[in-house]
Amino acid sequence: MEAESTGGIRVRLAIEAADACPVASATGDGAVARSVTWSRAGDGVVEEFDLAGDADDGALPADASVVFETDRSERVRFSRRENDCVCDRVERHGTPVTDVGASRGTLRLSFHAADVETVRGVVDEMNEAYGSVRIDRIARTGDDGDEDLVTVDRGRLTDRQREVLETAMDMGYFRRPRSANATEVAAELDISPSTFAEHLASAQSKVLASLLEGSA
């Protein structure tokens with residue numbers, strides 16, 4: 001489901017969406033979901049994905065079925081209503097979603113946007129809807145598809161933001177699979193999970209600001 005590159009910004013998001021996304025929910029026990037695809041079928045959507053590991057079958061929709069299986073994974077199919085998932089909400093911003101997968105209840109997706117304001121709109125809505133969203137990767141893309149990764153001046157971060165990011169990094173918050181969740185990192189910093197999320201969101205905003213200046 002790769003979208004043709006026309007220049008702009010490519011973003012990779014990690015969204016704590018286990019309560020809102022059947023694909024993410026199925027990975028809550030340590031399974032991994034890959035190769036997510038979907039297609040329109042009448043008034044609804046048929047979605048499929050590869051599921052490997054100890055899956056939480058009870059988190060899948062009632063109509064979910066295994067299309068085929070190998071010794072490593074199962075190809076799962078289920079149906080849902082149109083405009084009733086995380087990816088649909090992202091795409092309503094005019095930002096095609098690609099490369100969807102999940103692990104440990106976290107949904108990961110990439111999308112392509114024309115400008116920074118659109119990226120901000122997507123991130124703001126995901127934060128409001130799901131409460132925990134982080135930018136794993138952000139890059140400017142040219143008409144030829146080449147990517148220019150964004151760098152951020154550490155001096156733009158406050159001491160507290162730097163401490164939060166460094167602690168999260170050291171504890172494995174950004175690893176795949178994740179070694180520590182937001183609650184664990186917050187406890188190490190002696191702050192609440194909501195305060196940790198606020199610091200993380202502020203740092204992400206500065207990443208976006210750097211991208212905006214770099215594309216001027």
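State yes or no: is SER39 out of contact with any His (no Cβ under 6 Å at 6 or more places or on another chain), among the polar types (S, T, N, Q) and either under 21 Å from ILE15 (Cα atoms) or surrounded by 13 or more Cβ atoms within 10 Å (Cβ to Cβ) (or both)? So SER39 does not fit the description; no.
The rows are residues; the columns are (1) at pLDDT 85 or above; (2) more than 26 Å from GLY53 (Cα to Cα); (3) in a strand (DSSP E or B); (4) more than 13 Å from the chain's Cα centre (by Cα).
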{"position": "ARG80", "(1), (2), (3), (4)": "yes, no, yes, yes"}
{"position": "ASN83", "(1), (2), (3), (4)": "no, yes, no, yes"}
{"position": "THR95", "(1), (2), (3), (4)": "yes, yes, no, yes"}
{"position": "ASP99", "(1), (2), (3), (4)": "yes, no, yes, no"}
{"position": "LEU107", "(1), (2), (3), (4)": "yes, no, yes, no"}
{"position": "SER110", "(1), (2), (3), (4)": "yes, no, yes, no"}
{"position": "VAL123", "(1), (2), (3), (4)": "yes, yes, no, no"}
{"position": "MET126", "(1), (2), (3), (4)": "yes, yes, no, no"}
{"position": "ASP136", "(1), (2), (3), (4)": "no, no, yes, no"}
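Checking the stated criteria, ALA20 turns out to be in contact (Cβ under 8 Å) with a residue 60 or more places away in the chain and either in contact with a Cys (Cβ under 8 Å, 6 or more places away or on another chain) or surrounded by fewer than 16 Cβ atoms within 10 Å (Cβ to Cβ) (or both). Among the residues that make up the stretch 26-33, is at least one of them under 15 Å from the mean Cα position of the chain (by Cα), under 17 Å from VAL133 (Cα atoms), not in a loop (DSSP other than H, G, I, E, B) and not β-branched (Val, Ile, Thr)? Among the residues of the stretch 26-33, not one is under 15 Å from the mean Cα position of the chain (by Cα), under 17 Å from VAL133 (Cα atoms), not in a loop (DSSP other than H, G, I, E, B) and not β-branched (Val, Ile, Thr), which makes the answer no.
The values are calculated or read from the model by the stated rules, or taken from the named source; none is laboratory data. Since the structure is predicted, the reported quantities are computational estimates derived from the model, not experimental observations. In this analysis, Cβ positions are derived from the backbone assuming ideal geometry, glycine residues included, and neighbour counts consider all displayed protein chains.
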